[in-house]
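The block underneath contains the structure these notes are about, expressed in structure tokens.
Bear in mind that the values in this text are calculations on the coordinates, not laboratory data. Because the structure is predicted, anything quoted here is derived from the model rather than measured. Cβ coordinates were reconstructed from backbone atoms using ideal geometry, including for glycine residues, and neighbour counts include every protein chain displayed.
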Amino acid sequence: MKIKFICPTWQRLQYQTHYVLPPLGLTVVAALTPEGYEVSLEDENVEPIDFDAEVDLVGISTMLVSQAPRAFEVADRFRARGVPVVIGGLTASCIPDQAKEHADAVVIGEAEGLWPEVIRDAERGALQPLYRRESFVDAKEIPRARRDLLNPDHYTYRGVRMMDLIETSRGCRFGCFPCQVPHVSGKEHRLRDIEEVVDEMAGVECDRVFIVDNALEQNEEHQKALFRAMKRAGKSWVSHPISAKPEILKLAADSGCWFVYQAIFGESEMIREKIKLFHDFGIGVQGTILLGLDRHGPDIFERMVEFLLDCDLDLAEFTVLTPFPGTPFFDQMKRAGRLLHEDWGRYNAENVVFKPARMTPEQLQEGYQYMWDAFYREESQPAKMFGLYKRLATRRRFSPSLGRREQRAVPNQTAGSSALWGGVVPLESRRDH
């Protein structure tokens, strides 16, 4: 039996530097496939889909809401040939009724424990419309990703291999209102075995990895143990927030922490102090700034840019608050009649798709564009990215142990550390959507 996994494309943020990170979810599902099956993977973001391929089953990922329309188109084309299609992923789990209109089966939630059953049913022509686990998976069930199915040459930017993705845990107890993750992965923080994670990380060919856990800062003891163990992996790494405490930051820097992604909802002295503390340990901060909260008026845009520049934020990614299906925010906006439409392809955190409380949709869209232009007026985003990798190369050159699975943390004593180890993590690569 031949199984093809497909990652569909989507409308990317026009202001963001365009490069592609390898998909993680599909490579994990591929690893759940029992031996004896012929498995392939096509990422439409880096190569065209072969719609004429002789395959027996197609599995399509819909990690992002904005992927859904293309995923449905791809599914329809294969089904028109008589090829059965299974759709899964974060978004399919949030809109299963729509997904099943385009698929023979929809996997809701996590695939561990379900995917082998789906394959067996497909072999005997008895796919069920929906597959859903009764409980969340034990983290021990999460396999090592099948990265061998990907061509690493496809995931470069100007000749540089970017980052590979890995998860050390699932679930998030914070339950932020715009986030889909609690709906699919729950609020219990489930931890993978640290030694298993580090062995997998050490085996990744790329020197840089992105830990896609929603928030490592959920568990301080886990962070300490993980960062100590990660030293032997010898990777430079980035992640979503980690705890801004000196002991943890030192361990993070020792283990190769390059920069962290930090959500920013408004001007905050806590954010200012947090950025400074990260800089003190040589760790950069990339902010994802969420625009369109009910408290935001038209005056937020200029004020926010001034605040971010004054904080010496290394890099910024500006996003429009988006009511993703599967979140309380979506339900709230729908009940209030504030949704402008449900054109999922435009739900990519760049387009205004709801009515803001204190400004018009047009003002929010214009303010979003202004902030990208204003923050990067003195130095473009690609230039900052180039500086990022140049600084990392310098860091390796002057720290011989770094390339030998070790890195030494030296708190930064230089004033104005605005460009230290900054970087960009594409919005679409994150699991907090």
Note to self: C-alpha centroids of the stretch 242-256 and the stretch 159-220 sit apart, in Å, by 16 Å
Filtered trypsin sites (Lys or Arg not before Pro), the stretch 200-301: DSSP coil and at most 14 other beta carbons within 10 Å: Arg295
Past 19 Å, Cα to Cα: identify those pairs from Lys250/Lys274; Lys140/Lys187; Lys334/Lys355; Lys235/Lys274, in the order given. Lys235/Lys274
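Classify the chain as rounded, prolate or oblate, taking a ≥ b ≥ c as the square roots of the eigenvalues of its Cα gyration tensor: rounded when a/c is under 1.5, otherwise prolate if a/b is larger than b/c and oblate if not. Working shown, then result.
Working: a/c = 1.78, a/b = 1.25, b/c = 1.42.
Since a/c reaches 1.5 but b/c is at least a/b, the shape of the chain is classed as oblate.
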Using 7 Å Cα-to-Cβ label points, what is the Glu378/Arg303 separation (nm, one decimal)? 2.2 nm
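Using a ≥ b ≥ c from the Cα gyration tensor of the stretch 1-160 (square roots of the eigenvalues), is it rounded, prolate or oblate, where a/c under 1.5 gives rounded and otherwise the larger of a/b and b/c decides, a/b for prolate? Display every interim value, and only then the final one.
Values: a/c = 1.41, a/b = 1.33, b/c = 1.06.
The shape class here is rounded.
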Which of rounded, prolate or oblate describes the stretch 148-220 when judged by the alpha-carbon gyration tensor and an a/c cut-off of 1.5? prolate
For the pair Ile194 and Asp310, the simple spin-label estimate (label points 7 Å beyond Cα toward Cβ) gives in nm 4.0 nm
Can you work out the Karplus-derived ³J(HN,Hα) for every residue in the stretch 59-69? Use 6.51 cos²θ - 1.76 cosθ + 1.60 with θ = phi - 60°, whole Hz, and x for glycine or proline. x, 10, 9, 10, 5, 9, 4, 5, 7, 4, x
Which ³J(HN,Hα) values in Hz, rounded to whole numbers, follow from the phi angles of the stretch 105-116 under the Karplus curve 6.51 cos²θ - 1.76 cosθ + 1.60, where θ = phi - 60° and Gly and Pro get x? 8, 10, 9, 9, x, 6, 8, 4, x, 10, 4, x
Gap in Å between the Cα centre of the stretch 2-57 and the Cα centre of the stretch 289-345? 30 Å
Quote the FRET efficiency, to the nearest 0.05, computed for Arg144 versus Asp97 with a Förster distance R0 of 41 Å and r equal to the Cβ-Cβ distance. 0.80
Once you place label points 7 Å from the Cα toward the Cβ at Val160 and Gln332, how far apart are they in nm? 3.9 nm
